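Encoded as structure tokens, the structure appears first; notes follow it.
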Amino acid sequence: MQFDLEQLKNTLREQGNEIHPMQCAFPFSEMKLDANFLIPVVVQEEATGAVLMLAYMNEEAFEVTKATGIMTYYSRSRRELWVKGLTSGHFQSVVSLEVDCDNDTLLAKVIQRGAACHTGNHSCFYRNLLKREVQHE
């Protein structure tokens, strides 16, 4: 799916978003992608440090994110670009995008507007699977 970038920017502005084009330290081509040409993105709320979600980007999603400052992902289930918040209004404004030491995972620090999770929870990580009681000294 190819976005009309100018139309997308206008839509984002109409929905109350500021557009902040960003500069990149090195090209997407230097990222180590999986077999589907995707890179995982851990999304963290900049203000609290809370992990909000895990998503994936392809090169087009990366370029749209860079051009708008609004997190854009590749939906593996729908097989299309997904501008986070475009339908829900729960946008993620980029504060920073960092790459790990192996160039195979991104960390997005964002300002989250509304819930990050499609369930309505602020974070997708709201269900405890294992928990150990820890006594702090």
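Within the shell of other residues whose beta carbon sits under 15 angstrom from the beta carbon of S93, the net charge comes to +3, with Lys and Arg scored +1 and Asp and Glu -1.
Using only alpha carbon pairs under 8 Å that are at least six residues apart, calculate the relative contact order of segment 17-137 and give it in whole percent.
24 percent
Dividing the alpha-carbon radius of gyration of the chain by the rule-of-thumb value 2.2 N^0.38 Å gives 1.10. Here segment 29-120 carries DSSP beta bridges of which approximately 80% are antiparallel, counting only pairs with both residues inside. In this simple spin-label model, placing a label point 7 Å from the Cα along the Cα-to-Cβ direction at both S88 and A35 gives a separation of 2.9 nm. Taking label points 7 Å from Cα along the Cα-to-Cβ direction, R132 and E63 give a separation of 4.6 nm. Net charge dipole, the chain: roughly 500 debye, given to the nearest 20, about the Cα centre with Cβ charges of +1 for Lys and Arg and -1 for Asp and Glu. Loop-located chymotrypsin sites (Phe, Trp or Tyr not before Pro) in segment 27-89 (DSSP state other than H, G, I, E, B) with a sparse environment of at most 15 neighbouring Cβ atoms within 10 Å: F37.
When a/c reaches 1.5 or more, the comparison of a/b and b/c decides; with that in mind, is segment 95-137 rounded, prolate or oblate per its Cα gyration tensor?
Values: a/c = 2.17, a/b = 1.22, b/c = 1.78.
Oblate shape, in that a/c is at least 1.5 and b/c is the bigger or equal ratio.
If the label point is 7 Å along Cα→Cβ of E18, which residues in segment 41-80 have backbone nitrogen under 14 Å from it? Within reach of a label on E18: 69-70.
Residues H118, H20, ordered by accessible area of protein heavy atoms at a 1.4 angstrom probe radius and largest first, appear as H118, H20. Within the chain, the cysteines lacking any other cysteine Cβ closer than 4.7 Å to their own Cβ are C24, C101.
Taking the longest Cα principal axis of the chain as reference, the axis of helix 59-68 is set at about 80 degrees.
Taking the Cα centre of segment 64-113 as reference, the dipole from Cβ charges on Lys and Arg (+1) and Asp and Glu (-1) amounts to some 340 debye.
Rounded, prolate or oblate: pick one for segment 9-88, where a ≥ b ≥ c are the square roots of the eigenvalues of its C-alpha gyration tensor, a/c under 1.5 means rounded, and failing that, prolate if a/b is larger than b/c, else oblate. Note, shape of segment 9-88 comes out rounded. Heavy atoms of the protein chains alone define the surface here; on that basis segment 29-120 has 48 Å² accessible area per residue at 1.4 Å probe size.
The values are calculated or read from the model by the stated rules, or taken from the named source; none is laboratory data. It should be emphasised that the depicted structure is a prediction, and the values quoted were computed from it without experimental measurement. So basically every Cβ, Gly included, is an ideal-geometry build from the backbone, and we count neighbours across all protein chains shown. To get the accessible areas, we keep the full protein, side chains included, count just its heavy atoms, and leave off ligands, DNA and RNA. Shrake-Rupley method; radii C 1.70, N 1.55, O 1.52, S 1.80 Å.
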